[in-house]
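Here the structure is laid out as structure tokens; the discussion comes afterwards.
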Amino acid sequence: MLSTIWDTVLTYPILNLMAVLYHLLWGNLGLAIIFIAIISRLILIPFTKKQTEMTRKMTSLKPELDKLQKKYGNNSKKLSEEQMKLYKRVGYNPLGCISSLVPQLIILSVLIGVIRAITNNDTEGLYGFVLNWVSNGSGSFSINPYFLGLDLTESYNNLSSEFGRFASNVLPYLGLSLIVGLIQFITTKLTTMLQNPDSVSKKKDKKKGGEPNLEGMQEGMQKSMFLLFPIMTIFISISAPAALGVYWMVQSVMLIAQYFIIDFDRSKKGVQNLFTKLQKNRK
């Protein structure tokens, strides 16, 4: 029942869109994946906007949160209660900062299934009029999985088990996974900077005597996230079809562009602060 709903609502529409794009884009699966990534990122704009709003609210709350930390630092229960009251008063939802992550993960999981279905020439799920159009009336549909010399249906783990981890025909897939991880790291850094441009140039005050600091704890979590996300991305990429790596790279680049579209002035300020900081570090 649930799988039928999942396929009807998510898998089949994306499968048909993929088939149409592949047919329109001269039988190029890589270009079809890129267009899917662009379309999905446009669909996620409302979620990204919500995430940006929650991040801004969190930034504006830091002074008050630090006051609460100082006042109720020895009473974790009271501190938690006062923090929740503050969040409620300003309309901040802690889960709002990850509101764009869940739909993105859903799209990724659906895309893996779509790639496997379309490369196995599985026409189940293709709407009749779509199948008739992309197959030129023959009723059969096959694709060319190669893009820039890579078979987008293969993964590093799959090929390395057959040819060896460092075989010449396997290394490009490992390279793709590493590039995806690097781009994810850069994107995470840049999007954080674009959402909170003042954090680029602001000096962090260190508390004396090891006094716990909420802002410091958040900084620590942020640093962990900077490392965790790229590592997770690499591990997923090496076991998933290469098509997912292409999709992920385009999504990351589109995300940065999206922040500029949502709030150009704030994003511009973040970039300016970054260049100012880099120039100071050179001196």
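For this structure, a couple of remarks:
- Exactly one residue among Tyr259, Tyr247 is surrounded by 12 or more Cβ atoms within 10 Å (Cβ to Cβ), at pLDDT below 80 and within 27 Å of Ile112 (Cβ to Cβ), and that residue is Tyr259.
- From the options Leu176, Leu159, Leu131, residue that is part of a helix (DSSP H, G or I) and under 19 Å from the mean Cα position of the chain (by Cα): Leu176
- Identity of the residue in the range 8-30, free of Cβ contacts under 8 Å to residues at least 60 places away in the same chain and on the phi < 0 side of the Ramachandran plot, that ends up surrounded by the most Cβ atoms within 10 Å (Cβ to Cβ): Leu21
- Selection from the range 166-176 of residues that are modelled with pLDDT under 90 and under 14 Å from Ile234 (Cβ atoms): none
- Near pairs, Cβ below 9 angstrom, 6+ apart or cross-chain, from the range 111-127 (crowded, with 20+ Cβ neighbours inside 10 Å and among the small types (Gly, Ala, Ser)) to any residue that is assigned to a loop (DSSP other than H, G, I, E, B) and modelled with pLDDT under 75: none
- Taken over the range 11-49, the criterion of being out of contact with any Phe, Trp or Tyr (no Cβ under 8 Å at 6 or more places or on another chain), in a helix (DSSP H, G or I), closer than 13 Å to Pro103 by Cα and at pLDDT below 85 is satisfied by Ile45, Pro46, Phe47.
- Residue identified as under 23 Å from Ile112 (Cα atoms), touching a residue at least 60 places away in the same chain (Cβ under 8 Å) and crowded, with 17+ Cβ neighbours inside 10 Å among Ile33, Ile45: Ile33
- Some residue of the range 68-87 being among the hydroxyl-bearing types (Ser, Thr, Tyr) and not in a helix (DSSP H, G or I): no
Let's see how each residue does on (1) in contact with a Lys or Arg (Cβ under 9 Å, 6 or more places away or on another chain); (2) at negative phi; (3) modelled with pLDDT of 90 or more:
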position	(1), (2), (3)
Leu152	no, yes, yes
Tyr156	yes, yes, yes
Gly164	no, no, no
Leu178	no, yes, yes
Ile186	no, yes, no
Pro197	yes, yes, no
Ser201	yes, yes, no
Asp205	no, yes, no
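The values are calculated or read from the model by the stated rules, or taken from the named source; none is laboratory data. Keep in mind that what you see is a predicted model, and the values were worked out from it rather than measured. Reconstructed Cβ throughout: ideal geometry from the backbone, glycine too, with neighbour counts over all protein chains shown.
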